[in-house]
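Asks: Here it is: the structure, laid out below.
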Amino acid sequence: MAAPEKQPSGNIPNFSVRLSPTPRGARLARLLTEQQLRTWGLPLERATHIVAELAANAATHGRVPGRDFQLLLYVVGDRLRIEVTDTRGDHLPRLQLPDTDGESGRGLLLVEALADRWGVAQGRHPRKTVWAEVTLTAPELAPEQTRPRG
């Protein structure tokens with residue numbers, strides 16, 4: 001697992017980290033997201049649930065031994081963008097109804113319910129990025145929070 005990286009890119013607050021595609025890496029993605037959103041003074045609940053699902057999918061379906069997945073968070077205007085990139089571009093996620101008695105298969109349904117928008121972008125072979133956006137409403141963006149630190 002690589003250490004968290006803060007990538008400067010002008011005035012866009014962002015956070016990026018590469019993690020092992022394991023249950024531990026997925027759990028760490030959620031915890032680091034929670035910590036970063038607290039630092040920026042942004043709401044936690046929707047975004048941390050989305051990250052938990054996307055990171056779990058990267059660790060389960062995007063796993064390639066020896067290759068990490070990347071979590072990227074950034075804020076543009078009133079939107080928080082979440083991106084999870086893995087190295088299984090040949091396995092694109094798709095929204096489907098799970099078996100009624102199945103114990104898995106509901107992750108993208110949760111992302112669909114929690115995100116304002118989400119999708120998949122294929123990157124340089126063999127990568128894919130699953131992204132989601134959450135609109136931050138006016139009460140969530142108090143005047144001192146309109147420009148997240150970090």
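The values are calculated or read from the model by the stated rules, or taken from the named source; none is laboratory data. Please read all numbers here as calculations on a predicted model, not as lab measurements. No Cβ is skipped: glycine too gets one built from the backbone with ideal geometry, and neighbour counts run over all protein chains shown. Note: areas computed on protein heavy atoms with side chains; ligands, DNA, RNA excluded. Shrake-Rupley method; radii C 1.70, N 1.55, O 1.52, S 1.80 Å.
Asks: Out of the residues in the range 115-140 that are modelled with pLDDT of 95 or more and outside any strand (DSSP E or B), which is most open to solvent (accessible area, probe 1.4 Å)?
Replies: Going through the qualifying residues, I end up with ASP116.
Asks: Being closer than 15 Å to GLU133 by Cα and at pLDDT below 90 is the requirement here; does LEU71 meet it?
Replies: Values: closer than 15 Å to GLU133 by Cα: yes; at pLDDT below 90: no.
Answer is no for this residue.
Asks: Considering only the range 48-60, state which residues are over 10 Å from THR87 (Cα atoms) and either touching a residue at least 24 places away in the same chain (Cβ under 8 Å) or open to solvent by 40 Å² or more (accessible area, probe 1.4 Å) (or both).
Replies: HIS49, ILE50, VAL51, ALA52, GLU53, LEU54, ALA55, ALA56, ASN57, ALA59, THR60
Asks: Which one is surrounded by the most Cβ atoms within 10 Å (Cβ to Cβ), of the residues in the range 61-85 that are within 17 Å of ARG30 (Cβ to Cβ) and of a type in the set (A, V, I, L, M, F, W, C)?
Replies: Step by step, filter the range 61-85, then rank; the result is PHE69.
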